[in-house]
Amino acid sequence: MRASSVKAARLPQRQLLATAIGLTVASWAAVAVAEQAPSQPAKRAVELDSVTVTGTQAEGYKTSTSASPKYTAPLLDTPQTISVVPQKVIEEQQALSLRQVLSNVSGITFTAGEGGGGSGDSINIRGFGANANMQIDGLRDSTQTNRTDTFNIEAVEVIKGPNSVFGGSGTTGGSINQVTKQPLGRDFTRIGGSLGTDNYHRLTLDSNQTLDGVGTDSAMRLNLMLHENDVPGRDKIDRERWGFAPSLALGLSDDTRLTLSYFHQSDDILPDYGVPARDGKKLAGVDRDDYFGFSNLDKDEIETDSFTVKLEHRFNDSLSLQNLTRYSQIDRNTVISASHANTTGVPAGNYKPAGPQAYGRDVNSELWINQTNLSADFDTFGLAHSLAAGVEISREDYERVTYNHGLGAALYPADGYELGNPPGYWSGPINKTRTADTSTQLENQALYVFDTVALAPEWDLNLGLRYDWIDGEYKNVALPAGTLTKLDTRDEMFSGRVGLVYKPAENGRIYVAYGTSFNPTAEFLATTGSGINENTADLSPEKNKTWELGTKWELFDRRLELDAAVFRVEKSNARETMADGSSQLAGEQRVQGVELGVTGHITEQWDVFANYTFLDSETLKAADTAAGIAREGQALANTPPRSFNLWTSYELPAGWTLGYGARYVSERNVSTSSRAKLDAYWLHNAMVGYQLSNNLELQLNLNNLFDQDYVERVRQTPGTDARSSAIEYGDGRSAVLSATYSF
């Protein structure tokens, strides 16, 4: 654990935030009391407020529309697999991170974070990486904000399959859109406090206040969060963070609305890179709780800021305009020690650290992005159109200084360390040295148009087209020599999507769709500072395409939705490293499978959110090297053939609610070039809620009920004796008791 003095230094910030929450609650509560009419009983006011809060929850599990204006039809009529994890599921599960939210969607896996990119933040959808395919409120989020906490998140949308028309470059397996909390037209305040095992402490505030007399339907909303916990099953790892997110919506007129939003979050995390492993299994003698870093050197300190301006104007009932502008910045200073082990040349049961140790990255990442959307409904030649057209402009700047602390083989004991007792603390000499200065710049301009055409009462045609211009620049100064490397890359690409929807009944749809996407060389230029080198700068983008045949049905007065789809995703020209070190677009990969889903109310008391994915993945062609030949015919790494997720809750009489969740992930390959497998696992969670009064609600969450040891994240290499691979376990068993007071 880190020194107590370090924790003490953070106390003023935590006390300041706790005081701010208290003052905000007190002041807004006083306003609510002052606004009560003298003749109005206080009890009646409380009852009205509690009804408002209940109304928020009544939206349930089923989501009818996307938050993005690019979707010109309701989700039922959209010819694509789209899973939306709603606020109710997030709250019932107390899902605090994006990774925990995404664990509700089958077909998604996580790869161990690399290079300070964030442990668990490497996301795969349908077998393909989605790190560059993150959005917040429909705007690209390459700066990786909003990953570690959901205190300001309303819902998370997962759009599966290649869809560069919606998200720009990347999106081979799909894209992820986080929908933030916005000011609403009703007054409420929700104060939350939680205690749990593993030193779990959490305090939140979500307060919305309408602004009578200020414009038209104006309102403000404030979300605050203060959190700390140790990681269940990894007790040496601790996490602390705090954040606040105010937003103000001003009704400038009946037809014009301006929304200003700010987001800040501060994280202080001890990085966790898991335990050493071979072929997906931890090394003999290693316990899942063993910590292979150096707690006095390793750190992950993150300061995130984001400011968003949204202007909306309605010209008439058929024509509207939306403009979004965002500036976001992350300052992140990370020092990591890899959990790779070298077991050669030391006694049995011992190891020497392999891979980077106390390796630092001091990163500043900035993003400017503007998006304008025009939405129109009109008729031409007897055909009804719902059209959305727009332009997007962005610039991303990434600056990174890398450094180390001089740790190396010469400083380790001759016999190494015991695998079952890693030191966890560095007591040797330190020689902090800068190793490189890197800066990148990525500029993107795009034009797009979407149209849903009603060909007939039973037939809709869904069309999408986007054109991107992408310019990337990479500079690296290697220290101490000062050697400069400068590279540029430029790509232009069309992306398209077409879908045909048949409506055999008012509550049912059958569709077929085709879509494309592309992965330019500069795809990760702004997220990791890498992505191009002398061998890849001039390569054309990778190209992907998908076919999908599906059906969607709403049952029980449209309270419950059933979805099913079969699909095929192909990457026709994957980047491959050749035997001479050069790069070519020589690889071919394919993933095909089946998606099933059920979402919504089975009865008025019984909700369900469940999905199943079958994935058949294969490397069809690889570079003509020894490793490449081994990959041909292999399933893709970390792509389970079968995965299943279920969350269900039932409201009992007298204010009780029961919830149960299950997750299954089948065996999957550690890497594409070996047949080593990660074990399959089942995970079980439970929830008990009790409405103690109109204002006070209690909730107990029990996670990983049977304390299952399961590998959630993996480095996609089998490892060797000289340098093992590593695996990261999912959280162990834990319990969290939460109380929410609403007024």
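The values are calculated or read from the model by the stated rules, or taken from the named source; none is laboratory data. Given the structure is predicted, the values throughout are model-derived calculations rather than measurements. A quick note on method: Cβ atoms are made from the backbone with ideal geometry, for glycine too, and the neighbour counts reach across all protein chains shown.
For the range 678-731, a residue qualifies if it is polar (S, T, N, Q) and in a strand (DSSP E or B), and the qualifying residues are Asn685, Gln691, Gln699, Asn701, Asn703, Ser725. Applying the criterion of being aliphatic (A, V, I, L, M) and in a loop (DSSP other than H, G, I, E, B) to the residues of the range 442-492, the residue that is nearest to Phe381 (Cα to Cα) is Leu479.
Residues in the range 243-266 that are hydroxyl-bearing (Ser, Thr, Tyr) and farther than 26 Å from Leu96 by Cβ were compared, and the one that is surrounded by the fewest Cβ atoms within 10 Å (Cβ to Cβ) is Ser253.
Here Ser738 clears all of (1) in contact with a His (Cβ under 7 Å, 6 or more places away or on another chain); (2) more than 30 Å from Leu419 (Cβ to Cβ); (3) crowded, with 19+ Cβ neighbours inside 10 Å except the condition numbered (1). Would it be correct to say that Leu678 is surrounded by 20 or more Cβ atoms within 10 Å (Cβ to Cβ) and in contact with a strand residue (DSSP E or B) (Cβ under 7 Å, 6 or more places away or on another chain)? Taking the combined requirement at face value, the residue satisfies it.
Picking from residues in the range 358-410 that are outside any strand (DSSP E or B) and out of contact with any Pro (no Cβ under 8 Å at 6 or more places or on another chain), the one that is farthest from Tyr71 (Cα to Cα) is Ala410. Looking at Asn199, is it of a type outside the set (Ser, Thr, Tyr), surrounded by fewer than 19 Cβ atoms within 10 Å (Cβ to Cβ) and within 30 Å of Asp287 (Cβ to Cβ)? Considered against the rule, which asks whether it is of a type outside the set (Ser, Thr, Tyr), surrounded by fewer than 19 Cβ atoms within 10 Å (Cβ to Cβ) and within 30 Å of Asp287 (Cβ to Cβ), Asn199 comes out as yes.
Every listed requirement among (1) surrounded by fewer than 23 Cβ atoms within 10 Å (Cβ to Cβ); (2) on the phi > 0 side of the Ramachandran plot; (3) of a type outside the set (Val, Ile, Thr) is met by Gly274 save one, (1). Counting residues in the range 347-367 that are buried (at least 17 other Cβ atoms within 10 Å of the Cβ), free of Cβ contacts under 8 Å to residues at least 40 places away in the same chain and under 25 Å from the mean Cα position of the chain (by Cα) gives one or more.
Yes/no per residue for (1) among the basic types (Lys, Arg); (2) out of contact with any helix residue (DSSP H, G or I) (no Cβ under 7 Å at 6 or more places or on another chain); (3) at pLDDT 95 or above:
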site: Asn133; (1), (2), (3): no, no, no
site: Asn152; (1), (2), (3): no, yes, yes
site: Gly168; (1), (2), (3): no, yes, no
site: Gly173; (1), (2), (3): no, yes, no
site: Lys181; (1), (2), (3): yes, yes, yes
site: Gly215; (1), (2), (3): no, yes, no
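Conditions (1) out of contact with any helix residue (DSSP H, G or I) (no Cβ under 9 Å at 6 or more places or on another chain); (2) within 16 Å of Ala574 (Cα to Cα); (3) modelled with pLDDT of 95 or more; (4) surrounded by 22 or more Cβ atoms within 10 Å (Cβ to Cβ), marked per residue:
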site	(1), (2), (3), (4)
Asn462	no, no, yes, yes
Val477	yes, no, no, no
Ala481	yes, no, no, no
Lys486	yes, no, no, no
Tyr502	yes, no, yes, no
Ala505	yes, no, yes, no
Gly515	no, no, no, yes
Phe524	yes, yes, no, yes
Glu534	yes, no, no, no
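If you check Ser427, Ser495, Ser439 for being assigned to a strand (DSSP E or B) and out of contact with any Leu (no Cβ under 9 Å at 6 or more places or on another chain), only one passes: Ser439. Within the group Val688, Val714, which residue is in contact with a strand residue (DSSP E or B) (Cβ under 7 Å, 6 or more places away or on another chain) and modelled with pLDDT of 95 or more? Within the list Val688, Val714, the selection yields Val688.
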